[in-house]
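Have a look at the structure below, then the notes.
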Amino acid sequence: QVHLVESGGGLVQAGGSLRLACVASGLSGYAMGWFRQAPGKEREFVAAVSWRGDSTNYADSVKGRFTISRDNVKNTVYLQMNSLKPEDTAAYYCAAGLRYYYIDSQRYDHWGQGTQVTVSS
């Protein structure tokens, strides 16, 4: 059975940093992605990493500020978020899909419950 569990969200001031983690069980060979959804907005792609961790993909809005990585020994994918902005405030979800270059949420097969990130100005 597949389980994705996110952690690491919280409240941070603008310009600060947070690191999200997603522990995935029951999965093998999947690319992993992070998405976010703010109140009243659609879920949007943030970043994704290939199964081996050698290829990544980022939304333009987070390039240069966020870094996605994974540790397959620990079955964990990370999202390091630096230089956070109030517009980064959202619920963040990790997801498993077949290709790291997928940016459409409908192409991801498994989802976590999400972790809230709030950036104050």
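Structure values in brief
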| item | result |
| --- | --- |
| Qualifying residue in the stretch 50-60 (condition: under 11 Å from the mean Cα position of the chain (by Cα) and closer than 19 Å to His3 by Cα) | no |
| Only listed residue being under 23 Å from Ser121 (Cβ atoms), touching a residue at least 24 places away in the same chain (Cβ under 8 Å) and not hydrophobic (A, V, I, L, M, F, W, C), chosen from Gly10, Gly40, Gly33 | Gly10 |
| Unique residue being on the phi < 0 side of the Ramachandran plot, at pLDDT below 95 and touching a strand residue (DSSP E or B) at 6+ places or on another chain (Cβ under 6 Å) when the list is Leu27, Leu79 | Leu27 |
| Subset of the stretch 88-107 that is closer than 20 Å to Ser7 by Cα and of a type outside the set (Ser, Thr, Tyr) - its residue that is most open to solvent (accessible area, probe 1.4 Å) | Ala91 |
| The stretch 17-62, residues that are in contact with a His (Cβ under 8 Å, 6 or more places away or on another chain) and outside any strand (DSSP E or B) | Gly26, Leu27, Tyr30 |
| Qualifying residue in the stretch 49-67 (condition: farther than 13 Å from Tyr92 by Cβ and buried (at least 21 other Cβ atoms within 10 Å of the Cβ)) | yes |
| Residue in the stretch 1-44 that is surrounded by the most Cβ atoms within 10 Å (Cβ to Cβ), counting only those that are touching a Lys or Arg at 6+ places or on another chain (Cβ under 8 Å) and among the charged types (D, E, K, R) | Arg36 |
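The values are calculated or read from the model by the stated rules, or taken from the named source; none is laboratory data. Keep in mind the model is a prediction, meaning the values are calculated, not measured. Glycine gets a Cβ as well: all are built from the backbone with ideal geometry, and neighbour counts include every protein chain shown. Just so you know, the surface numbers come from the protein's heavy atoms only, side chains and all, with ligands and any DNA or RNA stripped out. Shrake-Rupley method; radii C 1.70, N 1.55, O 1.52, S 1.80 Å.
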